[in-house]
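Here's the structure, in structure tokens; my notes come after.
The values are calculated or read from the model by the stated rules, or taken from the named source; none is laboratory data. Remember, it's a predicted structure, so these values are computed and weren't measured experimentally. Backbone-built Cβ (ideal geometry, glycine too); neighbour counts: all protein chains shown.
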Amino acid sequence: MLIQFKVSANTSLIDTLIDDKKPFANLFLYNKVASNKPYQAQINPRAIPFVEEYVRKQGKSLEKMKVWGKPYFDLYDQILVNYGIPKEMKYLSVIESHLGATVLSWAGAGGPWQLMPAVAKQYGLQVGPHVDQRTDYFKSTHVAARIMKQLYTEFGDWLLVVAAYNCGNGCVRSAIRRAKNKDFWQLQNYLPEETRNHVKKFIATHLIFEGAGGFTTMTAAEVAQAKTQIKNTPLTLTAQELASSALIEVSGRFNSLVVANELQMNIQQFNAWNPGFDKALAAGEKYAMRISKDKEAVFIAKKNQLLLASVRAIIEGVIQ
């Protein structure tokens, strides 16, 4: 079961989360969400206790990061989309280093993505007493994206990608064998405590920055369930959604994830507004794509670039 939530438009997310009188009273109620918005946030109940405590401790600090960290996030978004990786995976850098370039862990991991020296060198970065390219946001993000791409190819689950990024893919493979299950919530007790907490920190951080959970905070099975719900839910839009969105006819092998990443749209919302998008375009059909009006000019300007990025991601097997 997933917990769905929404927060009052007149109340900030963090204020709602850390209300001492009614902690999380609004956030984690299994309340009714409009049937035409099945993409709204989902948090697995087993994450709630950790998320509550983490948001109380880190929420205000991370809210400030939304402002000062924007240049870094914009850079991350541009790079991740080229690898077919959801832009929300940028929050892995937040929990790894708080976006700090000079952070060095006790184990020797360094830079905003906390790359170990051997791994960084393996991917072509210079690591030495005088030059350490792990501190370069551009270069280290390309390496982190390549690592996440490989991990997702192996596990097909973003929560397991976060886990493997922390403890290694061998550690996660061992946990899967011992648990005889690929669901993070079933195998988490076979992972180191630090790794278990790392995944929950990612979920909490995603919640703070996005005001919601999403496909990257769900297991592969939960994502499949959510996509089925989106597919089977008739598309009905509110008057506000109709007024604030636009239809653009597209053809060619555009991919929903690549488009949503570049337009900085929530992938669940994009899928909910555009059911069957990938399937129709893969079949060579034209599609009337619905996006926010304020994204229309961006899409038109970057249309060819997005098509090339989509095709490249499909050819490289990053996305289907």
How many residues does the range 202-230 contain that are at pLDDT 95 or above and farther than 18 Å from Lys87 by Cβ?
0
Quick one: in the range 186-203, which of the residues that are within 13 Å of Thr219 (Cβ to Cβ) and more than 15 Å from the chain's Cα centre (by Cα) is surrounded by the fewest Cβ atoms within 10 Å (Cβ to Cβ)?
Gln186
Residues (assigned to a loop (DSSP other than H, G, I, E, B), within 25 Å of the chain's Cα centre (by Cα) and of a type outside the set (Val, Ile, Thr)) located in the range 103-146:
Ser105, Ala109, Gly111, Pro112, Trp113, Gln114, Met116, Tyr123, Asp136
Here are some residues: Ala120, Ala175, Ala163. Which one is closer than 19 Å to Phe215 by Cβ and buried (at least 22 other Cβ atoms within 10 Å of the Cβ)?
Ala163
Phe209 fails exactly one of the following numbered conditions: (1) buried (at least 18 other Cβ atoms within 10 Å of the Cβ); (2) not assigned by TED's automatic domain parsing to the domain that holds Leu160. What is the number of that condition?
(2)
What are the residue pairs meeting all of these: first residue in the range 294-307, first residue over 18 Å from Ala243 (Cα atoms), second residue among the acidic types (Asp, Glu), Cβ atoms under 7 Å, and 6 or more apart or on different chains?
Lys302/Glu262; Leu306/Glu262
Just checking, which of Ala47, Ala41 is at pLDDT 50 or above and of a type in the set (Gly, Ala, Ser)?
Ala47
Only one residue in Ala220, Ala239 is exposed (fewer than 13 other Cβ atoms within 10 Å of the Cβ) and under 29 Å from Ile291 (Cβ atoms), so which one is that?
Ala239
Those residues of the range 147-185 that are over 21 Å from the mean Cα position of the chain (by Cα) and not in a loop (DSSP other than H, G, I, E, B) come to a total of 9
Can you confirm whether His198 is within 27 Å of Ile314 (Cα to Cα) and either part of a helix (DSSP H, G or I) or modelled with pLDDT under 95 (or both)?
no
Unmet criterion (only one of (1) crowded, with 22+ Cβ neighbours inside 10 Å; (2) touching a Leu at 6+ places or on another chain (Cβ under 9 Å)) for Trp68:
(1)
When you check Phe138 against the structure, is it loosely packed, with under 15 Cβ neighbours inside 10 Å and among the aromatic types (Phe, Trp, Tyr), yes or no?
yes
Turns out the helices (runs of 4 or more DSSP H) fully within the range 215-303 with at least 1 residues that are more than 21 Å from the chain's Cα centre (by Cα) are 220-232, 239-244, 277-282, 296-301
Can you tell me how many residues in the range 244-258 are under 13 Å from Ile314 (Cα atoms) and buried (at least 18 other Cβ atoms within 10 Å of the Cβ)?
5
